[in-house]
Every structure is written in structure tokens, then in C-alpha cells.
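The values are calculated or read from the model by the stated rules, or taken from the named source; none is laboratory data. For clarity, every value in this text was computed on a predicted model and none was experimentally measured. Quick reminder, even Gly has a Cβ in these numbers, built from the backbone with ideal geometry, and neighbours come from all protein chains shown. Surface accessibility is based on the protein's heavy atoms, side chains included, excluding ligands, DNA and RNA. Shrake-Rupley method; radii C 1.70, N 1.55, O 1.52, S 1.80 Å.
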Amino acid sequence: MTTLEFKPKLFSTLKNYSRKQFTTDLLAGIIVGIVALPLAIAFGIASGVTPEKGIITAIVAGLMVSLFGGSKVQIGGPTGAFIIIIYGIIQQYGFEGLTIATLMAGVFLILFGILHLGTIIKYIPYPIVVGFTSGIALTIFTTQIKDLLGLTMTQVPSDFIEKWIAYIGSFSTIDWWSAGVGVGSVAVIALWPKISRRSAVGKLPGSLIAIIVMTIAALLLKHYMGVTSVETIGDRFSISSQLPGAQVPELTWKVVKGLVSPAITIAILGAIESLLSATVADGVIGDRHHSNTELIAQGFANLASPIFGGIPATGAIARTMTNINNGGRTPVAGIIHAAVLLLIFLFLMPLAQYIPMACLAGVLVIVSYNMSGWRSFTSIMKNPKSDIIVLWVTFLLTVIFDLTIAIEVGLICACLLFMRRMAETTDVKVISDEIDPAEEDSDFQMGNLEHLTIPEGVEVYEINGPYFFGAGNKFEEIMGALRHQRPKVRIIRMRKVPFVDSTGIHNLTNLCLMSQQEGIQVVLSGVNPTVQAVLHKAGFDTMLGEDNICSHINIALDRARQLV
């Protein structure tokens, strides 16, 4: 029976907690909270919701992940990977549909953890992860062009190609003041690490510095130069600093059934990103996270966030690394990060209305660049063709269609290519004259050398590798090529067959029955105990006779001589 694996790191780390550790966790939590602020606002707006919903998500989900997570340093919250999914769900089902899909994703994540799927999710092929991550990055970049350049457009198409056609047609409407703010924000964020390397403010994130500088610049332009074309958050949204009450949407079977696919996409993406973040963190701090506990915590976070008006959340690699780099070593730092965001939300949120939209677009341009993983993308291009195919299929489907289709088709392609690769590892060869003792094990070489000669009227087939559907087809091809030969005995060597599946059993059964109809006796050789148990259940003992299932090629050849 599967036991529940739920071991939050918070409780184990508090046993030997010290004042010194609290001091470092406090500093790390404050810095991570400041880093998370502009990202939460930007992710909320880019996802098609109000900026406060992004911050609420960071507060609620960040708190749940730190309280119940399986990693010491994981920071949870909204991430760029969810932007496209969230935007698409809102467009199709509305915000209430997003709320229900997020709740369902939370349930799925908890089930993933209970069913111990934490380790299995890690085995999703790397080209798929890179493909949809790069695709999401390009899509995020594309969605920010309008605000980055201040384009005047009545409506932005949702389709990737149509969006760029519309952008090109609207380039004549560029607002150069907004474009200056946007490009300036990108420059500040990109250059800030070099500028601040030796200064006291070096720990502050470039995104926050860009927001402060460009907000002040936009206010100065408006009040002293009369420039009113730079759109701000307050021009588009009404800002509220009031905490929303808990609300559970009305659930109907029809709505739930229609949202299963996007909910599973949210759950799978959240699981992949959170476990990837936790794994990266383990390598830095020398710890080992509890993957199934982490999935359950992510489930709690995605149950709590929508109840308070938030959006989907997961582990955030950039914020987690910021936490580590500033001394955070326990979940207390994550709890403090959530508290800092709460205080900012309650007392400073009205100031967010002055932030230029072009500045937030610049922040997301940098986020999309960091997400793109172009170095990983180009390195995979040097790998086998199967990896390249999976990479490009996932990437293009993510960009042109949506992430749900990309993950589904990417996984199918990866599975098919993996099965093909596995089939290629299995080799079937025919031995008609002699068996080379140099290729045999020591037990065989100690035997009588006359056994090396294959008697007349006997054919030996050797299977090297797993005997499943791919190998079965190879066997049938070889048998078809040798159909004109009619030996009296066929020996099938299975010493290098680690397992056999139902298709392999079916093919082997057909081979034995076909041989019997032709008056040919089949003898199995070198069957390991695991495979023999499977064959026994399938009735091969009765079909061939126990004397014709031999443990070694010497015994099989002796048996063949008797039959001949």
C-alpha cells in the first residue's frame, strides 16, 4: 500500500533554529519580497487580470509553499510560464473559469503528490521543457510589444502570426515617449548589475530600480513638459489595497468537465517548474527536497490563491535563487517574503497607479529573455534528430497554438521516438553454423567445445535486448526472409532479454504456433527467471513442453540433437 509522503521542511528546520539564522532569513525575505513586487504586478497585468491579483497570488501562494513545501528555500508565486495559459483561459472562460481551473489544478497537484508522481514528472524529456519554455518566452515578448512601444491599436489579435501582422501595420503609431520609457527600462535592468556591483544598493533588483526611475521620469514629463501619452497602470486599472474576502465559485459538472484540460495543463506546468526550481536549489545549498511534499504544497497554494482572488502559482526559480544568494536557508525567509508583500500591498499599493505600462513591458521583456534559454536551445540542436524534432514541435506548437496542445503533442512525440529508440536497441540475429565461444560467458567456455557446432536441421535465433512490440516486428521480418528454409528445430536464445511485454508474448506465441503447423519444434534457451515467470503465466510450458524451455544453450543444443 502506498504511504503518504508529506514532510514539510519548515517543521524539521525549526528544531535547531537559531537567532543568527533568523537574521539572515529576515534579510533574505525582505529582499525577495522587494524583488517579487514588480514581477507580481507585471505577471498579473500580462495575464489579463488586475495588478493587485498578482500581488495577492504572491502573498497567499508564497505563504502556503513556505509553510508546507518540501524545499527549504523555495519561493512560490505567479510566474511568467503561466501568463499565456491564464490569458487564454480568461479569454475563453472568463475569470471565474480561471478560478475553477486553478482550484482543479490544486486538487490534481495534491493527487500527484499522494500518488508519488513527484519523481516521475522529473523524467519529462528535457527537449520538451526547453521547447515550451522558449515558446512561452517568445509569446510573452510578443504580447508586450504594444505597451513597450506605445502603439495605438483598438484590438490586439490573440493569434501569434496575426498579432505580428497587426503590430507591423501599427508601427506608424509608435509613441516615442512610451518607447523611450520601455527601452530605457530594459537598459536599466540589463545594466544595473554592472553599475551596482560595488554599491550599497547592489542587492536591490534592477526591475525595482527601473520602475522607480521610470515612474519618476513619467511624472516629471507629465507635470513639467505636458507629456500625457505615457500610459500608466492607473490609466488602465483602478488600484485597490483592500484584501478580498474568501470566495468559492459555484461548481457545476458541465463547467468542471470543460475545464479539465486547462486545469491539467496548469498542474503539469506547475509541477515541472516547482520541482525544477527545487532541484536547482538543492544543487546550490547541498540539500535534498521532498518532491511529493512539494507537489502537495503547490496544490495547497493553488487551492488557496483563487479563493482569495489570485491566479495560478508555482515555484519561481529567479526568486528562489535570490533567496539563496541573500542567505535564506529555511522556509522562514519565504514566510517573511509573503509578509513584506502584504505590508506593501496594504500601505503602498496606491502608488502603483503611477507606474508606466511601458516600464512593466520592459520588465517582462527581460523576463522573457531570461526564460528563453537560448543557450540550451542551441545546444540541443547538436543532439540526435529525435531530440531536435521534439524540441521544434513543442516550440512551434507553443507559439502558434497553445501550451496545452504543445505539451500533449510533445509528450506523444517524445514517447513515440523513445519507443523507436528502444526498438533500435533490440537486435535479432540468426546463427546457422557455429557459436563463437569468445562471445559466450565463462560457464559456456568451460563446456565441451563440440557443443559449439549447430547440428544440421537446427536454426538458432538470438534476441539481444527487451522483447517488446518493436523487437517482435524485427523477428517477423527475419522469419519472413527465411520462410523458404524448413529446419526441424528452432532455438530462440533469450539470455539477453531483460523483460518481455504482452506484444512480445503475442508475437512469440504466433511464432511457436506457426512453427508447430510447419512441423518445426521451438526450443527456448537462456530464459531468465523473470521472463520465465511471465512465459509460464502465458502457458508456454504447456505449448512447448517444459523440456523445451532450457536454462542454457548447451542444454538447448543437446535437446535439439535429440529432436533431430
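Structure notes:
- In the set (1) more than 19 Å from the chain's Cα centre (by Cα); (2) crowded, with 19+ Cβ neighbours inside 10 Å, Tyr354 fails one condition alone, (2).
- Of all the residues in the stretch 124-175, those that are in a helix (DSSP H, G or I), over 29 Å from the mean Cα position of the chain (by Cα) and without any contact (Cβ under 8 Å) to a residue 12 or more places away in the chain number 4.
- Residue count for the stretch 519-532 under the criterion of being open to solvent by 50 Å² or more (accessible area, probe 1.4 Å) and either farther than 11 Å from Val489 by Cβ or assigned to a helix (DSSP H, G or I) (or both): the result is 3.
Conditions (1) modelled with pLDDT of 95 or more; (2) in contact with an Asp or Glu (Cβ under 9 Å, 6 or more places away or on another chain); (3) open to solvent by less than 10 Å² (accessible area, probe 1.4 Å), marked per residue:
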position: Leu117; (1), (2), (3): no, no, no
position: Ile120; (1), (2), (3): no, no, no
position: Pro125; (1), (2), (3): no, yes, no
position: Ile128; (1), (2), (3): no, no, yes
position: Gly131; (1), (2), (3): no, no, yes
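Yes/no per residue for (1) open to solvent by 60 Å² or more (accessible area, probe 1.4 Å); (2) under 28 Å from Ala101 (Cβ atoms); (3) assigned to a helix (DSSP H, G or I):
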| residue | (1), (2), (3) |
| --- | --- |
| Val393 | no, yes, yes |
| Thr404 | no, yes, yes |
| Glu408 | yes, yes, yes |
| Leu411 | no, yes, yes |
| Leu416 | yes, no, yes |
| Met422 | no, no, yes |
| Lys429 | yes, no, no |
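- Reported count of residues in the stretch 533-542, each being of a type in the set (D, E, K, R) and open to solvent by 50 Å² or more (accessible area, probe 1.4 Å), is 1.
- Residue match in the stretch 80-93 (condition: open to solvent by 10 Å² or more (accessible area, probe 1.4 Å), aliphatic (A, V, I, L, M), farther than 21 Å from Gly299 by Cβ and within 21 Å of the chain's Cα centre (by Cα)): yes
- Against the list (1) at pLDDT 90 or above; (2) among the aliphatic types (A, V, I, L, M); (3) crowded, with 20+ Cβ neighbours inside 10 Å, the condition Ile140 fails is (1).
- Hits in the stretch 109-123 (condition: more than 13 Å from the chain's Cα centre (by Cα), within 17 Å of Thr279 (Cα to Cα) and assigned to a helix (DSSP H, G or I)): Gly113
- Looking only at residues in the stretch 187-237 that are hydroxyl-bearing (Ser, Thr, Tyr) and at pLDDT 85 or above, the one that is farthest from Ala42 (Cα to Cα) is Tyr224.
- Total residues in the stretch 364-390, condition touching a residue at least 40 places away in the same chain (Cβ under 8 Å) and out of contact with any Gly (no Cβ under 9 Å at 6 or more places or on another chain): 8
- Candidate set: the stretch 486-506, residues that are touching a residue at least 40 places away in the same chain (Cβ under 8 Å) and open to solvent by less than 50 Å² (accessible area, probe 1.4 Å); chosen: the one farthest from Ser551 (Cα to Cα): Val489
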